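The values are calculated or read from the model by the stated rules, or taken from the named source; none is laboratory data. Everything quoted here is computed from the prediction, not taken from an experiment. Cβ: placed from backbone, ideal geometry, glycine included. Neighbour counts: every protein chain shown.
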């Protein structure tokens, strides 16, 4: 079970954009959410989870990571709430193909103004080994974004309601071994949550520095 992969851990390069002329145009395009993201906690969300396809686990990820909001399969187009995005997909060929389309859409400038893709999170489509063809195509996704995270298969999700799941916050301690999903988030979800918070901080710092340099 692969818990976390971040490409060389180079979080300083969050939101890396490629030359649009070198990127193949996407075969499909996502819709836009024009309304602000919902505020379900004490603070507005820091990141939007955008599903590359149906069943990409956006609702589960947004539940696990308290600073996140579920944006379904739509780009967050409203500047009133965050437009920083993590694209979610299943670790299977259809999921990776859809994920590559969303990344290409952003890379060529076809996503709404203001959208910044922080990275991609791939969730296991089943327990056990990932087929070789899927592992090979995963490299295509990695070439289109700086950070790719992976979450393994968790059997307990099959018997839990979304509202029962524990949540990760920046101050959540590492989970003990053999803890249930109602007590704490899985270890891989916790590690990725920490990396995601670091990536968001880097993105915010970069944006602030760019604004200051323009004054």
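Residue check: is residue 145 part of a loop (DSSP other than H, G, I, E, B) and surrounded by 20 or more Cβ atoms within 10 Å (Cβ to Cβ)? Walk me through how you get there before you give the answer.
Working: part of a loop (DSSP other than H, G, I, E, B): yes; surrounded by 20 or more Cβ atoms within 10 Å (Cβ to Cβ): yes.
Answer is yes for this residue.
Among (1) out of contact with any strand residue (DSSP E or B) (no Cβ under 7 Å at 6 or more places or on another chain); (2) part of a strand (DSSP E or B), which single condition is residue 139 missing?
The failed condition is (2).
Answer with yes or no whether residue 163 is over 13 Å from residue 89 (Cβ atoms), part of a loop (DSSP other than H, G, I, E, B) and either free of Cβ contacts under 8 Å to residues at least 12 places away in the same chain or out of contact with any helix residue (DSSP H, G or I) (no Cβ under 7 Å at 6 or more places or on another chain) (or both).
Here the answer is no, as residue 163 does not meet what is asked.
What about residue 207, is it out of contact with any strand residue (DSSP E or B) (no Cβ under 6 Å at 6 or more places or on another chain) and either touching a residue at least 12 places away in the same chain (Cβ under 8 Å) or over 21 Å from residue 65 (Cα atoms) (or both)?
Details: out of contact with any strand residue (DSSP E or B) (no Cβ under 6 Å at 6 or more places or on another chain): yes; either touching a residue at least 12 places away in the same chain (Cβ under 8 Å) or over 21 Å from residue 65 (Cα atoms) (or both): yes.
Judged against the criteria, residue 207 is a match.
Is there a residue being within 20 Å of the chain's Cα centre (by Cα), in a loop (DSSP other than H, G, I, E, B), surrounded by 14 or more Cβ atoms within 10 Å (Cβ to Cβ) and at pLDDT 95 or above anywhere in region 187-208?
no
I need the full set of residues from region 46-63 which are in contact with a helix residue (DSSP H, G or I) (Cβ under 8 Å, 6 or more places away or on another chain) and assigned to a loop (DSSP other than H, G, I, E, B), in order please.
46, 52, 53, 56
Every residue in region 168-186 that is without any contact (Cβ under 8 Å) to a residue 24 or more places away in the chain and exposed (fewer than 15 other Cβ atoms within 10 Å of the Cβ), please.
171, 173, 174, 176, 177, 178, 179, 182, 183 - these are the residues of region 168-186 that are without any contact (Cβ under 8 Å) to a residue 24 or more places away in the chain and exposed (fewer than 15 other Cβ atoms within 10 Å of the Cβ).
Residue by residue through region 148-160, note down the ones that are assigned to a helix (DSSP H, G or I) and either touching a helix residue (DSSP H, G or I) at 6+ places or on another chain (Cβ under 8 Å) or surrounded by 12 or more Cβ atoms within 10 Å (Cβ to Cβ) (or both).
First, the residues of region 148-160 that are assigned to a helix (DSSP H, G or I): 155-159.
Correct list: 156, 157.
State all residues of region 64-80 that are part of a loop (DSSP other than H, G, I, E, B), touching a strand residue (DSSP E or B) at 6+ places or on another chain (Cβ under 8 Å) and under 21 Å from residue 110 (Cβ atoms); if no residue qualifies, say none.
Selection gives 71, 72, 73, 77, 78.
Looking at region 102-136, which of its residues are surrounded by fewer than 17 Cβ atoms within 10 Å (Cβ to Cβ) and under 18 Å from the mean Cα position of the chain (by Cα)?
114
Collect the residues in region 33-54 that are surrounded by 14 or more Cβ atoms within 10 Å (Cβ to Cβ) and either closer than 26 Å to residue 91 by Cβ or in contact with a strand residue (DSSP E or B) (Cβ under 7 Å, 6 or more places away or on another chain) (or both), keeping them in residue-number order.
Within region 33-54, 33, 37, 45, 46, 47, 48, 49, 50, 51, 52, 53 qualify.
For the list (1) at pLDDT below 90; (2) surrounded by fewer than 19 Cβ atoms within 10 Å (Cβ to Cβ); (3) assigned to a loop (DSSP other than H, G, I, E, B), I need the number of the one condition that residue 15 fails.
Looking at each condition in turn, residue 15 falls short on (2).
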